[in-house]
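Okay, so here's the structure we're looking at.
Laboratory data are not the source of any read-out in this text; all were calculated from the coordinates shown. These numbers come from a predicted model, not from an experiment. Positions of Cβ are backbone-derived with ideal geometry, glycine not excepted, and every protein chain shown enters the neighbour counts.
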Amino acid sequence: MKITNTLTGKKEELIPLNPGEVRIYVCGPTVYNFVHLGNSRPAITFDTFRRYLEYSGYKVILTQNFTDIDDKIIIKANEENVDSLEIAERYIVQYWKDSMALGIRPANFHPRTTHYVDEIIEFIEDLIEKGHAYVSEGDVYFDVSSFDSYGKLSGRKLEDLIAGARIQPGERKKSPEDFALWKAAKENEPYWESPWGKGRPGWHIECSVMSTCILGESFDIHAGGSDLIFPHHENERAQSEARYGKPFAKYWMHNGMMRFAGSKMSKSLGNFITIKEAVKKYGKDAIRYFIFSKHYRSPIDYSEDLLQEAKTAVTRGNQILNDFEQSLGDKQPFARKSSWISEKIAEFKAYLDDDFNTPKALALIFEMINEVANASDELRKLEAFHLVRNEFGPVLGIFELPESNHFDIDGLVKILIDLRSQFRKEKNYEKSDEIRGRLMELGIKLMDTPDGTKWSF
Ligand SMILES: Nc1ncnc2c1ncn2[C@@H]1O[C@H](COP(=O)(O)OP(=O)(O)OP(=O)(O)O)[C@@H](O)[C@H]1O
Ligand SMILES: [Zn+2]
């Protein structure tokens with residue numbers, strides 16, 4: 001398999017450090033608000049990339065962090081007058097709901113920054129000892145000039161960085177391009193005790209610490225959105241290689257940005273659509289289709305029209321697959337491994353082996369769905385059905401099973417509740433009780449409350 005490595009700017013053969021095993025770290029969300037559709041791009045892309053590696057026979061260890069301490073979380077906590085961890089916890093819970101709704105499998109590890117403060121302090125102490133960092137009035141900064149290949153990942157030159165940067169008020173660094181490893185606590189900020197006084201970790205250090213603690217000093221792939229290449233990933237690489245004196249991540253993979261009216265969709269700009277809203281409107285498969293329809297490295301423009309088209313396409317696909325499944329009756333769908341099946345699997349793999357080309361893989365899935373709908377030969381239909389349901393669908397996480405999770409059960413029950421109310425108004429208690437009774441048989445209980453009828457399973 002070949003992937004584009006941001007570090008070299010080339011498409012390279014993926015050769016894991018340990019044969020047969022791929023260790024991946026992905027930068028996860030800063031949890032101070034709902035995650036948006038843009039944030040779902042790395043989560044969907046790299047979960048699916050992991051599924052594909054597993055499909056190809058690799059063992060994968062995937063780690064994705066939660067940044068649960070950060071300026072933005074602290075500001076939100078102070079606004080609401082609650083602890084910053086309460087804010088983080090709230091949006092982590094929401095993250096799980098959203099990622100389930102999008103069919104994203106949890107990573108193997110989901111570390112949180114505040115669980116790694118001891119390790120962060122140890123890491124920084126080591127950097128100071130090795131001459132890569134210095135203390136300045138309770139802050140600690142990384143000395144960028146001490147790391148020779150600084151700028152290699154993002155393709156920037158240190159001289160240009162020095163010329164372009166300014167020391168901001170409140171920063172106590174020697175040189176403008178140096179960055180904070182540890183920040184002394186200001187008033188009303190959460191803090192931890194450290195050898196440099198009360199304070200908290202800077203942003204970049206957390207990912208160096210959590211990735212190396214969990215995956216080792218060198219691992220295979222570091223991933224995230226392209227917005228993180230500079231300064232976040234450049235700084236992570238500098239810190240980690242400065243401490244351990246060996247290559248940090250062998251490959252760097254970056255997804256392009258999802259844009260909203262031309263700008264990056266972002267929590268801080270407020271130009272976003274939440275995942276909850278998007279799932280409700282379009283359903284999981286349509287969102288995944290929309291994301292996979294562009295190569296992961298290209299930017300993608302949020303477009304209601306394209307999402308609507310995606311919804312129409314997957315609804316049609318699901319209809320064809322469901323109709324075919326029903327036409328099979330009790331017969332178990334079984335397709336012998338024919339040469340045609342092997343050929344199509346080879347084609348699917350060739351696309352994804354070429355820098356994870358999901359648009360081509362997706363087109364192949366639709367070609368198979370057309371076979372299910374139109375092939376004259378029953379065996380061919382069965383083979384195509386098998387490929388979608390059992391081979392390709394589970395890899396891309398679409399058309400896996402008859403999709404029910406975007407089916408709006410709440411909406412359906414509300415229709416029945418309204419009908420029942422109508423019958424009650426007309427004093428037709430026989431019909432209204434029948435609706436309640438039949439829902440009860442399905443395990444759905446209706447409760448009449450002063451605020452109207454509620455339901456639960
Ligand atoms: N618009 C986007 N398109 C694709 N990926 C994105 C987008 N915005 C963020 N990401 C990625 O989502 C992950 C979580 O990022 P983060 O929580 O910093 O999101 P954010 O919306 O950019 O927040 P903020 O506005 O506070 O910077 C990162 O891997 C980041 O690169
Ligand atoms: Zn990170």
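Under 17 Å of direct C-alpha separation, and excluding same-chain neighbours fewer than eight residues apart, K173 reaches these lysines: K183, K186.
For a quick check: with amide H placed at 1.01 Å from N, whose amide H comes under 5 Å from D301's, ignoring anything fewer than 5 positions away on the same chain? Distant-sequence amide H within range of D301: R259. Rounded to the nearest 20, the Cβ-based charge dipole of the chain about its Cα centre (Lys and Arg +1, Asp and Glu -1) stands at 900 debye.
By the gyration tensor of its Cα atoms, with a ≥ b ≥ c the square roots of the eigenvalues, what is the shape of the range 10-264: rounded for a/c under 1.5, prolate for a/b over b/c, or oblate? Judged from the Cα gyration tensor, the range 10-264 comes out oblate (a/c at least 1.5, b/c at or above a/b). For the range 178-188, 3J(HN,Hα) computed residue by residue from phi via the Karplus equation (6.51, -1.76, 1.60; θ = phi - 60°) reads 5, 10, 6, 9, 9, 10, 4, 5, 9, 4, 6 Hz, glycine and proline entered as x. Taking amide hydrogens as placed 1.01 Å from N in the peptide plane, the amide H of T4 sits under 5 Å from those of E12, each at least 5 positions away in sequence or on another chain.
Assign one of three labels to the chain, namely rounded, prolate or oblate, based on the Cα gyration tensor with a ≥ b ≥ c the square roots of its eigenvalues; rounded applies when a/c is under 1.5, prolate when it is not and a/b is larger than b/c, and oblate otherwise. Judged from the Cα gyration tensor, the chain comes out oblate (a/c at least 1.5, b/c at or above a/b).
The helix-only estimate of mean residue ellipticity at 222 nm for the chain, built from DSSP H runs of length n ≥ 4 each weighted as -39500 (n - 2.57), is -14500 deg cm²/dmol after division by the residue total. For the range 304-405, the fraction of alpha-carbon pairs lying more than 16 Å apart is 56 percent, rounded to a whole number.
Relative contact order for the chain: 16 percent, from Cα pairs under 8 Å spaced at least 6 residues apart, divided by residue count. The ranking of K281, K250 by Cβ neighbour count inside 10 Å, starting from the fewest, reads K281, K250. Take the Cβ atoms of E80 and E309, set R0 to 30 Å, and the FRET efficiency comes out at 0.15. Just to confirm a number: summing +1 for Lys and Arg and -1 for Asp and Glu over residues other than V82 whose beta-carbon lies under 11 angstrom from that of V82, what do you get? Residues close to V82 contribute a combined charge of -3. Each of S175, S263 was scored by other Cβ atoms within 10 Å of its Cβ. Arranged with the fewest first, they read S263, S175. Applying a DSSP loop filter and a limit of 15 other Cβ atoms within 10 Å to the GluC sites (Glu not before Pro) in the range 131-175 leaves E137, E171. Which whole DSSP H helices in the chain pass both tests: a Cα extent of 30 Å or more along the axis and a mean Kyte-Doolittle value no lower than -1.0? Membrane-span-like by this rule: 304-328.
Ordered by the count of other Cβ atoms within 10 Å of each Cβ, fewest first, M265, M100 give M100, M265.
Legend: calculated FRET efficiency, E430 to W96, from the Cβ-Cβ distance at R0 = 60 Å, rounded to 0.05, equals 0.85.
In this structure, the amide hydrogen of H132, modeled 1.01 Å from its nitrogen in the peptide plane, lies closer than 5 angstrom to no residue at least 5 positions away or on a different chain. Cross-link partners for K454 among the lysines, with Cα-Cα distance under 29 Å and sequence neighbours closer than 8 places in the same chain left out: K97, K276, K280, K281, K284, K414, K425, K427, K431, K445.
For the range 152-274, a Kirkwood hydrodynamic radius built from all Cα pairs, placed in the Stokes-Einstein relation at 25 °C and 0.890 mPa s, yields a translational diffusion coefficient of 147 µm²/s. With a Cα cut-off of under 26 Å and a minimum spacing of 8 residues unless on different chains, the lysine pairs in the range 304-405 number 14. Here the dipole of the range 409-456 is about 60 debye; that uses its Cα centre as origin and unit charges on the Cβ of Lys and Arg (positive) and Asp and Glu (negative).
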